[in-house]
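The values are calculated or read from the model by the stated rules, or taken from the named source; none is laboratory data. A quick note: this is a predicted structure, and the numbers were derived from the prediction, not measured. Quick reminder, even Gly has a Cβ in these numbers, built from the backbone with ideal geometry, and neighbours come from all protein chains shown.
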Amino acid sequence: MNKLYILISVFFLGILFSFTADNSGNEKDKLILDLIREGLQNYFYSEKKIDNDFSEDVYKLYLKKLDYNKRFLLQSDVNQFAAYKYKIDDAVKTDDFTFFNLTKDVYIKRVSEINKYIDAALKKPFDFTKNDSLQLEPDKRPFAKTKKELMQYWRQFLKYAVMTKVAEKLETQEEAKKNNDTTVEIKTEIQLQEKAVEEVKKNYDDWYHRISKVDENDLLNLYFNSITGYYGPHTGYFPPKDKENFDIQISGKLEGIGAQLSQPNAYIKVVKIIPGSPCWKQGELGVGDKILKVAQGDKEPVNVVDMRLDKAIEMIRGKKGTEVKLTVKKTDGTIKVIPIIRDIIILEETFAKSAVIEDSVSGKRTGYIYLPGFYADFNHKNGRRSAGDVKKEIQKLKKEHINGLILDLRNNGGGSLQDAIDIVGFFIKDGPVVQVKQRTGMPQILKDRNSEILYDGDLVVMVNEFSASASEITAAAIQDYGRGIIVGSEHTFGKGTVQRFLPFDRMVRGNDSLKPLGDLKLTIQKFYRINGGATQLKGVESDIVFPDAYAKLDMGEKDLENPMPWDEIPKAEYKKFKVKYKLSEIKMKSEKRVNSDTSFNIIKDYSGKMKYYNDKDYTSLNLKKYMKDAELRSKFSKRFRKADNRVSNLKFYIPKADSANVYSDTVKTRRVISWFKDLKRDIYLNETFKIVSDINK
């Protein structure tokens, strides 16, 4: 990584010193565009020309990002934009923002008109007896030709929003009648429609308030990310705040007060208090409180009513040990000033955790580790890392005399490549884990060089279609070595690329008045299995496949814009493990159990229905037809929920090493009880436990 920074710094020196310190006009935007362009052309994994093909693709991506649902722009606007369809490449090369400025001005103008359409569309009652329908798929619907046509579309769209609420209210009334519930007031359909219109009006007023806060920088970031989007779905420009949020996500910690906020309208509302956080310890801030002002210590408070949420959050966050004073309106209407000392907040749900699973009949005990992400705190020398945490959990579980280990990587979107290599190393003696290939040169084999095997027992890895990147590296290596069995979805997500951040502030010497400039996340490598195949697009196929509700939906790398192709390289040299079981026999036993299991059969059936409803690109605006279809969906959803109702006979314990720490803290105790409750209803985990038992036999 240091080598990359040195190369980049040297390359950019000649370019960046030519910029003047003039901060007027669009100098910062031009500088960012230059940095993006040069970074992509010189460091992206494969060379791509900035030509007419580039221009056409960026144009299409930008139009989608700008108005995906075709709710704002007119066809005449799009016709006006189309004059630049094959000129964006020249604009990017010459720092010309004419196209962007045109789209920005038109978009802001159209957004300002929409609230009038919404008000007008909701004034007249809706007729739900007509047999009209609403096209839900934007690609199958043209842009409106006139403002009148756009207003008619909004009228249809709002009719759908009102109709769904009327349907819900009618269902509630029917249930009340069946159950002789006199607390529910029975109203006519006209009265229900009036109430539904009020609710929809309120929802869209709030929505319009949020969307009207979109500023030039937001739209500029859309434009920049349409340019980077041509290079692939995982390459993008990160403004400073977005990069800060990314660092929080991958490190699992932040400095602030520990309140989750939302902005449904002009007021910023507290929606969650993180247990153990500064505001939780202080005790006065509550869910539902509205934040009116923010002050830094004894400084003058700043009014945050009607301020953008991200700007207010920037003021509320701050360094550990500093004080922030919030003026809030409590849920009872009283106004209160609440002083809070900021601290480091650990987001516990982002870290690895373990449990001991015991069969109440046989008494067999299996270790279970849940790893939600391959996190790593790169900003601190001794920062917390996923590999270190997994190592600790394995060491705890080994003391529990487990007969096998389950590593759960479901919904794990990846993260640190090095941590994935280290974690695989816990289960093998030493050897290659993954191969990486850069823009030039031969593939490089990344190895586990520690000859110690931390855990040599039976291993099963759980995955699903949302297991991606580092999860796929881990699962693929375990599978290639034959070190364990991969169970879950038919295949994982299929992200076989490696990204790095290019920090623009480090690249620019001088011009401090233009900073901060943000970062460019770009794909610099592809990774390959040690057997030579890429996980890109194809993912990792499970050894034992479980029925999956999402199996038939288009979800994965292959369904994103501009993904890299699949390919393969020569395999690395490695020795497969010798195991005491026959995978074919373990697979046959599992399939027999799964095929006779009611819950899994419900999921199989639900998968087909989900595909049908997901592909349905229109909806009826006739209330009776809609309610009939909704009733069928409801029945099917209720049946699907029954798949989660079965509670296994498995018992769950935290490792003894954690007992004193957990059970002396009421917050931690509640978390563990809630987690175990979910695990007991996890039919996939239940079947995986049985697979471990089969391996033992």
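What are the residues in the stretch 467-522 that are on the phi > 0 side of the Ramachandran plot and either surrounded by fewer than 24 Cβ atoms within 10 Å (Cβ to Cβ) or touching a helix residue (DSSP H, G or I) at 6+ places or on another chain (Cβ under 6 Å) (or both), if any?
Within the stretch 467-522, 482, 494, 510, 511, 518 meet the criteria.
May I ask you to list the residues in the stretch 352-380 that are buried (at least 19 other Cβ atoms within 10 Å of the Cβ), hydrophobic (A, V, I, L, M, F, W, C) and within 28 Å of the chain's Cα centre (by Cα)?
Residues satisfying the conditions are 352, 355, 369, 371, 374, 376.
Is it the case that residue 338 is farther than 11 Å from residue 257 by Cα and in contact (Cβ under 8 Å) with a residue 12 or more places away in the chain?
Against the criterion (farther than 11 Å from residue 257 by Cα and in contact (Cβ under 8 Å) with a residue 12 or more places away in the chain), residue 338 qualifies.
Any residue at all in the stretch 583-591 that is assigned to a loop (DSSP other than H, G, I, E, B) and either out of contact with any Gly (no Cβ under 9 Å at 6 or more places or on another chain) or not small (Gly, Ala, Ser) (or both)?
no
Yes or no, residue by residue, for (1) at pLDDT 90 or above; (2) surrounded by 16 or more Cβ atoms within 10 Å (Cβ to Cβ):
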| position | (1), (2) |
| --- | --- |
| 214 | no, no |
| 218 | yes, no |
| 221 | yes, yes |
| 232 | yes, yes |
| 235 | yes, yes |
| 257 | yes, yes |
| 263 | no, yes |
| 270 | yes, yes |
| 273 | no, yes |
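Conditions (1) polar (S, T, N, Q); (2) out of contact with any strand residue (DSSP E or B) (no Cβ under 6 Å at 6 or more places or on another chain); (3) part of a helix (DSSP H, G or I), marked per residue:
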| position | (1), (2), (3) |
| --- | --- |
| 609 | no, yes, yes |
| 626 | no, no, yes |
| 631 | no, yes, yes |
| 634 | yes, yes, yes |
| 638 | no, yes, yes |
| 642 | no, yes, yes |
| 652 | no, no, no |
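Considering every residue within the stretch 672-682, establish whether at least one is within 30 Å of residue 156 (Cβ to Cβ), not hydroxyl-bearing (Ser, Thr, Tyr) and not assigned by TED's automatic domain parsing to the domain that holds residue 171.
no
Specify the residue that is farthest from residue 161 (Cα to Cα); the eligible residues are those in the stretch 194-246 that are outside any helix (DSSP H, G or I) and of a type in the set (Phe, Trp, Tyr).
Among residues in the stretch 194-246 that are outside any helix (DSSP H, G or I) and of a type in the set (Phe, Trp, Tyr), the one farthest from residue 161 (Cα to Cα) is 231.
When only residues in the stretch 529-556 that are of a type in the set (D, E, K, R) and at pLDDT below 95 count, which is surrounded by the most Cβ atoms within 10 Å (Cβ to Cβ)?
By that ranking, first place goes to 548.
Looking only at the stretch 603-619, how many residues end up being touching an Asp or Glu at 6+ places or on another chain (Cβ under 7 Å) and either closer than 23 Å to residue 156 by Cβ or among the charged types (D, E, K, R) (or both)?
Counting residues in the stretch 603-619 that are touching an Asp or Glu at 6+ places or on another chain (Cβ under 7 Å) and either closer than 23 Å to residue 156 by Cβ or among the charged types (D, E, K, R) (or both) gives 1.
Taking helices (runs of 4 or more DSSP H) that do not extend beyond the stretch 1-79, which have at least 2 residues that are buried (at least 19 other Cβ atoms within 10 Å of the Cβ) and at pLDDT 95 or above?
Answer list for the stretch 1-79: 27-43, 52-66.
Can you give me the number of residues within the stretch 611-624 that are of a type in the set (D, E, K, R) and part of a helix (DSSP H, G or I)?
Result for the stretch 611-624: 3.
Among the listed residues 637, 596, which satisfies the condition of being polar (S, T, N, Q), closer than 29 Å to residue 365 by Cα and free of Cβ contacts under 8 Å to residues at least 24 places away in the same chain?
Checking each option against the conditions leaves just 596.
Which residue pairs have Cβ atoms closer than 9 Å, lie 6 or more positions apart in sequence or on different chains, and pair a first residue in the stretch 454-474 that is free of Cβ contacts under 8 Å to residues at least 12 places away in the same chain with a second residue that is of a type in the set (S, T, N, Q)?
Between residues of the stretch 454-474 that are free of Cβ contacts under 8 Å to residues at least 12 places away in the same chain and residues that are of a type in the set (S, T, N, Q), there is no close pair.
If residue 92 meets every condition in (1) more than 31 Å from the chain's Cα centre (by Cα); (2) over 20 Å from residue 145 (Cα atoms) apart from one, which number is that one?
Only one criterion in (1) more than 31 Å from the chain's Cα centre (by Cα); (2) over 20 Å from residue 145 (Cα atoms) is unmet by residue 92, namely (1).
Condition check ((1) modelled with pLDDT of 95 or more; (2) under 30 Å from residue 577 (Cβ atoms); (3) outside any loop (DSSP other than H, G, I, E, B)) across all residues:
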{"position": "479", "(1), (2), (3)": "yes, yes, yes"}
{"position": "494", "(1), (2), (3)": "yes, yes, no"}
{"position": "506", "(1), (2), (3)": "no, no, yes"}
{"position": "510", "(1), (2), (3)": "no, no, no"}
{"position": "513", "(1), (2), (3)": "no, no, yes"}
{"position": "516", "(1), (2), (3)": "no, no, no"}
{"position": "520", "(1), (2), (3)": "yes, no, yes"}
